[in-house]
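A.B. asks: The structure follows.
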Amino acid sequence: MKLSLALTSLFVGSAAAWSSLTMKAEGVSSRRNIFKGIGAAVVAGVVNPGNSNAYSVPDLPYPFEALEPHIDTPTMKIHHDKHHATYVANINKATEGQEEKPILDLMENALEAGPVRNSGGGHYNHAFFWEEMAPPAEAAKTKPSAQLEELINKSFGSMDEMKAKFEAQAAPGAVFGSGWVWVCVNKKGDELKLVGTPNQDNPLMKGVTDEIMFPILGLDVWEHAYYLKYQNRRPEYVSNWWNVVNWDKVSENCAYVVENHAGVNVQG
């Protein structure tokens, strides 16, 4: 779509140039040179279209107020429209002029890629985060698939034990300052692991953990994700967050990861 619009704009501009030039140019050779110039510009646009807007902030799959009372409306607006948008703007700037790739493809080597680590990680992590939640009434109707439930029981003993360990991992003393907590499928696809990461790192990045792992559930524990409502009460935020987890989506993520041994694609 972007390429089509770029070409349309290019042809319109070229047509205007042609109209002006042909009024002054005389002879076949002049017209031939003009066509050569237009052709070269078109080829240049196709070969190197650029990607200054390769990534975008995806729309939320629910209204801003939908996660009330567990996540408040002002937080959702600022988090989505300001914080996520900043990561998108910065990753677009960092990758301008480069080959356009899905944001997932940038994760593996992000630790060695300068601004891709924080800006690209921030975009992927937030796009992933929005999709795994649902309004409380809808979330309450979802449940782990048989596959996910079996992995939870095998890896943690029970859902309650997994939640307790997750909340301990999300505590301020475990993830100091800003970061994320993830439930991941290991590389073999036969076990779940809990991983805490600083800043905008995630377990898809080589070097974050002993091996690359594939998130199926993640929680943002940066202060911007909860401070307006919970202030310094991060444990309360984490505990209430379970009320908006869409277990159908988490189960879908799990099935995809186990089958493909790859990370989940995100929108934007």
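A.B. asks: When residues of the stretch 232-255 are filtered for being open to solvent by 70 Å² or more (accessible area, probe 1.4 Å) and either in a loop (DSSP other than H, G, I, E, B) or in contact with a Phe, Trp or Tyr (Cβ under 9 Å, 6 or more places away or on another chain) (or both), how many remain?
C.D. replies: 3
Per-residue answers, yes or no, for (1) open to solvent by less than 70 Å² (accessible area, probe 1.4 Å); (2) in contact (Cβ under 8 Å) with a residue 40 or more places away in the chain; (3) over 12 Å from the mean Cα position of the chain (by Cα):
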site: Tyr62; (1), (2), (3): yes, yes, yes
site: Thr75; (1), (2), (3): yes, yes, yes
site: His80; (1), (2), (3): yes, yes, no
site: Ile91; (1), (2), (3): yes, no, no
site: His123; (1), (2), (3): yes, yes, no
site: Ala127; (1), (2), (3): yes, yes, no
site: Trp130; (1), (2), (3): yes, yes, no
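A.B. asks: Quick check on Asn253: is it in contact with a strand residue (DSSP E or B) (Cβ under 6 Å, 6 or more places away or on another chain) and within 25 Å of Glu68 (Cα to Cα)?
C.D. replies: Yes.
A.B. asks: Answer yes or no as to whether Trp130 is touching a Ser or Thr at 6+ places or on another chain (Cβ under 8 Å), closer than 23 Å to Pro69 by Cα and not in a loop (DSSP other than H, G, I, E, B).
C.D. replies: So Trp130 does not fit the description; no.
A.B. asks: Now a separate question. Enumerate the pairs (first residue in the stretch 159-186 and polar (S, T, N, Q); second residue anywhere and part of a loop (DSSP other than H, G, I, E, B) and open to solvent by 60 Å² or more (accessible area, probe 1.4 Å)) with beta-carbon separation below 9 Å, excluding pairs fewer than 6 apart on the same chain, so at least 6 apart or on different chains.
C.D. replies: Ser178/Asn199; Asn186/Glu211
A.B. asks: Sticking with this one: In the stretch 238-268, which residues are among the aromatic types (Phe, Trp, Tyr) and in contact (Cβ under 8 Å) with a residue 24 or more places away in the chain?
C.D. replies: Trp241, Trp242, Trp247
The values are calculated or read from the model by the stated rules, or taken from the named source; none is laboratory data. A quick note: this is a predicted structure, and the numbers were derived from the prediction, not measured. FYI the Cβ positions are ideal-geometry reconstructions off the backbone, even for glycines, and counts take in every protein chain you see. Surface areas here come from the heavy atoms of the whole protein model, side chains and all, with no ligands, DNA or RNA. Shrake-Rupley method; radii C 1.70, N 1.55, O 1.52, S 1.80 Å.
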